[in-house]
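Everything on this sheet refers to the single structure shown next.
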Amino acid sequence: MPYRPKNPQGPLSPRLSIYRWHVGMVASIGHRISGLVLVLFVPLYLWLLRGMTGSEDNFGIVSAWLHSGLGKVSIWLVGVSLIYHFCNGVRFLAIDAGWGDSRDSMRLSARVVIFVTVFAALLLAVML
């Protein structure tokens, strides 16, 4: 006999509003968002490369865009996403290898990754 929920109009699984948020969830969701940001910026990377290796006119356009406010914010966002995605990826690899797979150490490593990312974000903001 197939399973039939009592309320067929309601959700079949718990919604996010039911869960108590913790740092591990934030780190996991942030990893997915940073990966999405990195993938969505691939066309921008290609445009920048084409502009830097093309004609002098293209170089001037790319250079002007990089020095604009939108260019600086975009480069900052990509830099922060790359740093976070890399650090959290190393964290996930360590957890998968069995290092720090207790609940407390996973939460601590997530806090460390977030702290390193915030520090790097501030450093990048000062450099731009």
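Sorted on the mean count of surrounding Cβ atoms within 10 Å across their residues, most packed first, peptides 22-35, 42-55 read 22-35, 42-55.
Using the Cβ of Phe115 as centre and a radius below 13 Å, the other residues enclosed give a net charge of +3, where K and R count +1 and D and E count -1.
Distance between the 7 Å Cα→Cβ label points at Ile61 and Ile18: 5.2 nm. Shown here are the Rg and Dmax of the Cα trace of the range 37-85, at 11.3, 34 Å.
Couplings for the range 27-44, taken from phi via the Karplus curve 6.51 cos²θ - 1.76 cosθ + 1.60 with θ = phi - 60°, read 5, 5, 5, x, 5, 5, 5, 5, x, 5, 4, 5, 5, 5, 8, 4, x, 5 Hz in order; Gly and Pro are left as x.
Cα-based radius of gyration for the range 23-127, normalised by 2.2 N^0.38 Å, reads 1.31.
Taken together, the values in this text are just the output of simple stated rules run on the coordinates, not laboratory data. Small disclaimer: the values here were computed from a predicted structure and weren't measured. Here Cβ is always computed from backbone atoms with ideal geometry, including for glycine, and neighbour counts include all displayed protein chains.
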